[in-house]
Structures are given as structure tokens and as C-alpha cells.
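Computed from the coordinates by the stated procedures, all read-outs in this text should not be read as laboratory data. These numbers were taken from a predicted model, which means no experiment stands behind them. In this analysis, Cβ positions are derived from the backbone assuming ideal geometry, glycine residues included, and neighbour counts consider all displayed protein chains.
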Amino acid sequence: MGKREIKRVAVLGSTGSIGINTLKVIAAFPDRFKVVALSSFSNIRLLEKQISKFRPSMAAIAGPGLASHNAGSLPSFKGVKVYGPEGLNIIAEDSGVDIIVMAVSGFAAISPLISAIKKGRHICLANKESIVAAGDIIMGLARRYNALLIPVDSEHNAIFQCLCSGGADRIKRLYITGSGGPLLRVNAKRFSALSVRQVLNHPKWKMGKKITVDSATLMNKGLEIIEARHLFNVPIDNIKLLIHPGAVVHSMCEFVDGSIMAQLGVTDMKLPIQYALTYPDRLSTPFSRLDLFDIKNLVFMKADIQKFPCLTIALAAARLGGTATVVLNAADETAVKAFLDGRASFTRIPDIVEDVLKAHKFISDPSIEQIFEADLWAREKAGYIVKGLRHA
């Protein structure tokens, strides 16, 4: 056999949780992957350490401040072409990149994601907002340019793997699982008095603050259902949520013949990241494995929509589509930040989101420009509502 080609990888959002775990995976397979580009929003010190270790040829600093000034003061950046925010697109389009890990958070990912898609790239997608807000446009472009989008999120990565046994055109329904979050066993009567610390105490996953709050409200599951609808072209009503506290089954596909395929694994994001990087190959992992003898039982429950109203709000927006999902995502981000900053109680999150959705002017088939306008409007509207709460 000839020498195996080393894949050149760009990790956009390398200093976040997904980016850090991606670099751990890459470091475990030095004969398979070479980091050629990294980016961070503002964590320059961690980016400096990553550049020292992986020696990419390009880097981008997407946050405020002059990238050249930051880079000039750090010896580790010597020999690295450093860009500002425009670097995300430049890296996405660079011919020296084989695989792009899109771990940039928020709307900042949409433009470089589209750039990467138009180049027909192998994309490991770890950005929720782009699909929730612009799923029809993104997936249409992916089909047009024959780009490979492999979801990194554990639930969607699980479905992607299950589909290898049956094919998307043979799906009867999808089952997205969720642990139930940090408040599964907490009485709803206590919700209004919950502290930020209590809400952020997730029993299974170590994640960023925003997504952990979304896990507590179950908004994350609503957003995941919207993602699944776009990624796998399955009607909303054929995507079901199962609360699965054990977090062993990451999602399932039921096919038309009645067979159900499930993907099981430990709660370690490095495993779906590894699969997304190595697809269609599978490599022996150096990371933790699931011991089936440790599993006592597999429990599945229906979600309590009375206790977690964000799920109902998200599904209503999902059925509308268009700008409703854009507004849903933006209003939720603003409401969650208000909670984390102490400007709104936990129980106000669904109220804020619902009020913004009711006020918005719906567009069924928005352009990219209209998506950005709806996002900006929703954030401003939610901000006004939060200010009103402070003065109520």
C-alpha cells in the first residue's frame, strides 16, 4: 500500500469546547491530519498555545482589536499569516484546506460556511445557528456544490451514522434523545428561584453556559429538531424527542420496515468529532469506550411540555419555518444572556422568546439578507423586553 494522504484541517473556533476537543483528536492521529488554520474570537492566549503546538500556516482573530497588533506582540505567531474577521472566509476558501471544522458560534459562521460549501469542502459542522436560521439555503447550496456536511453535534452525528444502514429515503421517523438536562428531577415550582449556578450544573455533559441553559429549558432539543429537519429532510412531525437520562443512546432512526437503528457511546464529544473527521473511514479510537456491562437499563420518557414550555415554543416555530426559526434562535440567545447576567429570572426565558415571536413579521421564504435583518430585529426586540423587566 502507498503512503496514506494526510488531510489538511482548518479549525474555525479552535478555542471553544468543540475546537479544543477537535485538536485533541487531531493530535491523536498525527499520521492522518495536519492543522493548517486556526481561529478564535478573542481568546488570544489559548490561540497562541495552539499555534505553538500545531504550527498552522494561517490564523484568524475574529473578535475586536487589530489582529496584526495582537499577533505582533506574540512570538508564537511568527511565520503565521494572521487575519482579522475576514480571515474566516479566506481560510474557508483556501485551496490548501481539505477539511473545515466549523466550530464558530453564532451567525458569524454563516458566511464562511457558505464559502466552504461553494468550494465543495468536507465540513464538520458544529454550528447550530446556521442550520436553524438558514437551513433551507445552506442545504440547498450543499446539494448544488456537492459539499459534504457531517454534523458534529452528538445527536445529529448519531443519526448520520444510523443512516449509513438504511438511507435517508427509507426513514419513517427520527428519535432525538436528550438527558433531560440539569432540571429533569427539579420541581417546576422551584424554577423561579433557581440560581445560575444551579442551572449550569449539567449531570452528563460539560458544555458552554448558553447551551447548558438551553439544555435546562429543553430549548436545545427544539433547536436540534429544527436542525434534523433540515439536515435529513424529514418533516417536523416525524421527528420525536425521547428523554433518556442515561445519555447512552445518542439518537435513533426508524426505517420504513420497522427496524430501528441506534447509535450508542460514552458522553465524550471527541467520538463524534473523530467520526466526522475520518468519514467514511473508521479508526481505532484512543479515547474512552462504552462498556455495555455497565448499563443497567435504558430508560426513555416523554418530555414534560408543561414543565418545559420552550420546547412547545420551538416546535411551533419549527412548523412555521421561514423567519420564525431565526427569531426563535435570536430571542433565545438574548433571553439566556439576560438570565446569565442576572437581568432576568430563569422562568422569564420562555416568556421573552414567545413575546418576540408574537411581535415579529413572518417571512416564509427569506433571503440571507432578510434572515440577518430578522435576527437583528429579534435581538433588539428581546433587549427592549429585558429592559422592561428591569424597570417593572
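Points to keep in mind about this one:
- With contacts taken as Cα pairs under 8 Å at a separation of at least 6 residues, the range 225-375 carries a relative contact order of 20 percent.
- Cysteines having no other Cys beta carbon under 4.7 Å from their own, within the chain: C124, C164, C310
- Stokes-Einstein D in µm²/s, Kirkwood radius over Cα pairs - the range 7-151 at 4 °C with 1.567 mPa s viscosity: 87
- Span-like helix ranges in the chain, DSSP H, alpha carbon extent 24 angstrom or more, Kyte mean at least 0.0: 323-340
- What you get for the range 149-235, charging only the Cβ of Lys and Arg (+1) and of Asp and Glu (-1), is a dipole of about 460 debye around the Cα centre.
- When only Cα pairs below 8 angstrom with a gap of at least 6 residues are kept, the chain shows a relative contact order of 14 percent.
- Of the options (1) 19; (2) 13; (3) 30, only one is percent of Cα pairs over 40 Å apart as computed from these coordinates, and that is (2).
- Listed by chain and number, the lysines whose C-alpha is less than 19 Å from the C-alpha of K189, apart from same-chain residues fewer than 8 away, are K307.
- Computed about the Cα centre, the dipole magnitude for the range 1-141 is approximately 560 debye when only Lys and Arg (+1) and Asp and Glu (-1) carry charge, each at its Cβ.
- In the range 322-392, taking the dipole from charged Cβ atoms about the Cα centre, the farthest positive-side position among S364, P350, W377 is held by P350.
- Net charge dipole, the range 293-361: roughly 140 debye, given to the nearest 20, about the Cα centre with Cβ charges of +1 for Lys and Arg and -1 for Asp and Glu.
- Farthest towards the positive end of the charge dipole of the range 7-151, among the residues V104, I51, G120, is the Cα of I51, using unit charges on the Cβ of Lys, Arg, Asp and Glu.
- Translational D in µm²/s for the range 322-392 (Stokes-Einstein at 25 °C, 0.890 mPa s, Kirkwood Rh from C-alpha pairs): 205
- Each principal axis of the Cα atoms in the range 210-351 has its own extent, and those three values, largest first, are 46, 36, 31 angstrom.
- Label zone at L141 (point 7 Å along Cα-to-Cβ), backbone N below 18 Å, the range 218-232: 227, 230-232
- Computed over the chain with a Gaussian network model linking Cα atoms closer than 10 Å, the most mobile of T217, T323, T312 is T312.
- Stokes-Einstein D (µm²/s) once Rh is taken as the Kirkwood radius of the range 11-63 over alpha-carbon pairs, at 4 °C in 1.567 mPa s: 120
- Relative contact order computed over the range 7-151 (Cα-Cα under 8 Å; 6+ residues apart), in percent: 22
- Checking the cross-link pairs K118/K361; K24/K119; K337/K361; K302/K361; K34/K296 against a 29 Å limit on the alpha carbon distance flags K118/K361; K302/K361; K34/K296 as lying beyond it.
- Full extension of the chain between L320 and K119 gives 69.3 nm of extra length, using 0.36 nm per residue less the Cα-Cα distance.
- Sorted peptide list for 95-107, 45-57, criterion being average Cβ within 10 angstrom, highest first: 95-107, 45-57
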